[in-house]
Amino acid sequence: MEYLIKLWKYLPFYINPVALQMGPLSFRWYSIMYLLSILSVFLLYIQHCKKNKLTNKLNNAYDLFIYSFIGIIVGARLGYALFYEFSTFITSPLLLINPFRNGELVGISGLSYHGGAIGLFLALLFYSKKYKLNFFKITNILSLYIPLGYTLGRIGNFLNQELYGRVTTSFLGMYFPADPQKLLRYPSQLIEAVFEGLFIFLLLHTINKYVPTFKKITTPLYCIFYGLIRFLIEFIREPDVFQNLFLNIFTYGQILSMIMIIFGIILIPIYEKHENT
């Protein structure tokens, strides 16, 4: 038992964030998991449509994947710049797309979940209008599976040894190589994967199964559940060093999550009205 406890605490030290190195190019587990997360949601969407004989939703499904992918990546990158490092990117906007630093290839890092959500929302709106599909039905189906994709994304954060939690004495604590203080911290990435991912996935499927009248508001419910759980977990997640806490309490992520909860509540009557049109 003592060995297992020690293994858990030092588990990040046994993980190599780089999955494959090819000369100057390195493929990190985080990038792979991010791609898998989007692909998994897309494949589950197709399976759902086939199972429920929603053949019209399968037309142009490849375009749905492309639009969603572009919307998520562009939105996540722009969201990170605007929400988290606005002053840096407003003075040096090329840093958004420049993979080089001091003449070295370091890649592009810094993605925002909330920015990615906005990008996906806009991409789906464009896709639905282009192919004359019901935007509300499509987003309700996708919202059932987005939590699973999110789970993979947060596991990617863990494998990348980033976004770890605040200092703790809890048995859940881990040591992270990237932590300059080398203190025991919450593995907030894994906690988010479980509660913002798997838990919401099971919750939404349970609601869809036993309260079918709520099917038409799956997307608003997802926004509310995610915003609430993310708001709470942010209390154990280490804020970025450049963040100034609002009222010395709330992180940027919590402010965005509160907005997401309000947005979800506003969407409820809209989805109730238009989901069946």
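Of the chymotrypsin sites (Phe, Trp or Tyr not before Pro) found in the range 194-253, those that fall in a DSSP loop while having at most 11 other beta-carbon atoms within 10 Å are PHE242.
Three semi-axes describe the equivalent ellipsoid of the chain; taken as square roots of 5 times the Cα gyration tensor eigenvalues and ordered largest first, they are 32, 22, 20 Å. Peptides 113-123, 37-47 ranked from most to least packed give 113-123, 37-47, packing being the mean of other C-beta atoms within 10 angstrom over each peptide's residues.
For the chain, the membrane-span-like helices by this rule, meaning whole DSSP H stretches whose C-alpha atoms cover at least 20 Å of axis and whose Kyte-Doolittle mean is 0.0 or above, are 29-51, 61-83, 113-130, 135-159, 218-233, 252-274; this says nothing about an actual membrane.
Evaluated with a Cβ-only charge set (Lys, Arg +1; Asp, Glu -1), the chain carries a dipole of roughly 940 debye about its Cα centre, given to the nearest 20. Working note: 222 nm ellipticity from helices only, DSSP H runs with n ≥ 4, each -39,500 (n - 2.57), summed and divided by the residues of the chain, gives -19000 deg cm²/dmol to the nearest 500.
For the pair THR169 and LEU35, label points projected 7 Å from Cα toward Cβ lie 4.5 nm apart. Positive end of the dipole of the chain (Cβ unit charges, origin at the Cα centre): among ILE141, LEU58, PRO187, the Cα lying farthest that way belongs to LEU58. Would you work out the Kirkwood radius for the range 204-263? I mean one over the mean of 1/r across all pairs of different Cα atoms, in Å. With all distinct Cα pairs of the range 204-263 included, I get 12.8 Å.
In the range 2-274, a dipole from Cβ-located charges (positive for Lys and Arg, negative for Asp and Glu) runs towards its positive end, and of TYR164, TYR131, PRO239 it is TYR131 whose Cα lies farthest in that direction. Think of each Lys and Arg Cβ as +1 and each Asp and Glu Cβ as -1; about the Cα centre, that makes the dipole of the range 161-277 roughly 280 debye.
Read-outs: derived from the displayed coordinates by stated rules, not from any lab. This is a predicted model, so every value here is computed, not measured. Positions of Cβ are backbone-derived with ideal geometry, glycine not excepted, and every protein chain shown enters the neighbour counts.
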